[in-house]
Amino acid sequence: MFDPSIVQSNTRCLLHSSCDSENQLQIEQLLERQSEQLILASVEVDSVEDGIYRVWRSARLLGTVTRDVVNDLWISQPCSYLLKPRFENSKDAIMFIIEMNAFVTA
C-alpha cells in the first residue's frame, strides 16, 4: 500500500539538505572553538619586559610571542623551531606554538 508520508518526508529532506549542511558546518565550527578553548586553557601565558609573552605548559617553556607593531602582526617563536611565522592575532600565534610542540613531542 502506498504511504504518501514517505514521499513528503523524503522531499522535505531534499529541500532542507542545504540547511542540514549549514547545521553541520555550525556544529563543526562550535566543536573547533571548544577544542581550541580547551587547548588554550592547558597553557599559561606571562609577559616579560619589552612586550614579550612566554607560553608555558607547567614548568616547560613552549615558546614566545611578540607584537610587530609596524605590520600589526604577532610573531610566534616556538622553542626548537627556527622560523618565526607571523599571525594576525595573538591566539593564532599561541596555537601555533602549542601545535609545533605537540608535533615535536609526538
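Nothing in this text is a laboratory measurement; each read-out follows from the coordinates by a stated rule. Note that the coordinates shown come from a computational prediction; the quantities given were computed from them, not determined experimentally. Here the Cβ is made from the backbone with ideal geometry for all residues, glycine too, and neighbour counts use every protein chain on show.
Residue 60 versus residue 36, label points 7 Å from Cα toward the beta carbon: distance in nm?
Modelled inter-label distance: 2.4 nm.
Based on the Cβ-Cβ distance from residue 91 to residue 21, what FRET efficiency comes out when R0 is 30 Å, to the nearest 0.05? Show your work: numbers first, answer last.
On the way: r = 27 Å, r/R0 = 0.91.
Efficiency, from the Cβ-Cβ distance: 0.65.
Using a Förster distance of 41 angstrom, determine the FRET efficiency expected from the C-beta separation of residue 29 and residue 72, and round it to 0.05. Display every interim value, and only then the final one.
Details: r = 26 Å, r/R0 = 0.62.
The calculated FRET efficiency here is 0.95.
Got a sec? Which residues in region 56-100 would a label at residue 46 touch, if it sits 7 Å along Cα→Cβ and we count backbone N under 15 Å?
56-65, by backbone N distance to the label point.
So who's got an amide H within less than 5 Å of the one on residue 63, skipping anything under 5 residues away but keeping other chains? H placed 1.01 Å off N, in plane.
The answer is 55, 79.
Over the alpha carbons of region 16-106, what is the largest minus smallest coordinate on each principal axis, giving the biggest first in Å?
Dimensions of region 16-106 along the principal axes of its Cα atoms: 54, 33, 22 Å.
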